Amino acid sequence: MSIDIEITPIKRENEKLYKKVINTVMSLIEKGELEYGDKLYNEEELIKKLNVSRSTLREALRVLEFMDVLTVAPKRGIVINDPQNRVDYPPLKFVLQFEKISKRETIGLRLGIESQAMLTAVDNLDDAAISKLLVLKDEFIKEHELNKKIVVDKKIHDYLVELSGNQTLIKLYNTFSDLFEEQLIEAVKNVYKSDKYDTLVETHCTIINSIIEKDVPKGQAILKEHFMDSLKNYLD
């Protein structure tokens, strides 16, 4: 639906104008003045209300669309997107493109997410989930080719988080997925260069068995040990 809201014109100060437009829209959403499904003013109206140029407005809209905050459609206009349909946290993902996150921080964040996920994953176990976990374990044991091993490794960790059913954790995990995948690839490659291959397989089997057996303390302890080893392999 179209919505008529009060928008304060942008003041021309040192901060880049397109960033001020972004902050204005985000502020309206945070205050509840804009909700998903709401249709903003058209481009001409926004230019007048915000007191910015067309190029500035379009730059801001491109960023907001990239962040999945809104959609700019030729016929529908500028529409606020439903946050429930997002698989990650777009504003955070946008920030991550400019932030340098250390390898240690990446591992620590991933450990925190997956340890928390395990708490509820065990409560969501059913025959189908157990069957999928056993299939993943079997694939991980039998697969020896490096790139395929990495794919199965990622599937195991992805499914652990998915099985938690915790949408906040899932979105947070998806937001950092590129960083996590980079870490996983480097760590597994380094394992293949060392004598730790059998340990890698045993660890993943134990993680899966812990979930199936609903032994959360054991599973979390193995996860911690696994990620600390991954950190060493990642830094090697």
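Annotations for the structure displayed:
- The condition (being surrounded by 15 or more Cβ atoms within 10 Å (Cβ to Cβ), out of contact with any Gly (no Cβ under 6 Å at 6 or more places or on another chain) and at pLDDT 95 or above) is satisfied by just one residue among Phe227, Phe140, Phe176, Phe180: Phe140.
- Residue within region 138-149 that is closer than 14 Å to Ile211 by Cα and without any contact (Cβ under 8 Å) to a residue 24 or more places away in the chain present: no
- Looking only at residues of region 13-48 that are farther than 19 Å from Arg62 by Cβ and touching a residue at least 24 places away in the same chain (Cβ under 8 Å), we find that the one that is surrounded by the fewest Cβ atoms within 10 Å (Cβ to Cβ) is Gly37.
- Enumeration of residues in region 166-180 that are more than 18 Å from Ile101 (Cβ to Cβ) and within 8 Å of the chain's Cα centre (by Cα): Ile170
- Glu35 modelled with pLDDT under 85 and either touching a strand residue (DSSP E or B) at 6+ places or on another chain (Cβ under 8 Å) or part of a helix (DSSP H, G or I) (or both): yes
- Residue among Ile156, Ile170 that is modelled with pLDDT of 95 or more and in a helix (DSSP H, G or I): Ile156
- Any hit, region 104-120, residues being hydroxyl-bearing (Ser, Thr, Tyr), at pLDDT 95 or above and assigned to a helix (DSSP H, G or I): yes
- Test: residue in region 185-203 that is out of contact with any Cys (no Cβ under 8 Å at 6 or more places or on another chain), in contact (Cβ under 8 Å) with a residue 60 or more places away in the chain, surrounded by 16 or more Cβ atoms within 10 Å (Cβ to Cβ) and not in a loop (DSSP other than H, G, I, E, B): yes
This table checks each residue for (1) farther than 18 Å from Ala117 by Cβ; (2) of a type in the set (Ser, Thr, Tyr).
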{"site": "Leu134", "(1), (2)": "yes, no"}
{"site": "Asp138", "(1), (2)": "yes, no"}
{"site": "Leu146", "(1), (2)": "yes, no"}
{"site": "Val161", "(1), (2)": "no, no"}
{"site": "Tyr173", "(1), (2)": "no, yes"}
{"site": "Glu186", "(1), (2)": "yes, no"}
{"site": "Lys193", "(1), (2)": "yes, no"}
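The values are calculated or read from the model by the stated rules, or taken from the named source; none is laboratory data. As the structure is a computational prediction, the values presented were derived from the model and not from experiment. A quick note on method: Cβ atoms are made from the backbone with ideal geometry, for glycine too, and the neighbour counts reach across all protein chains shown.
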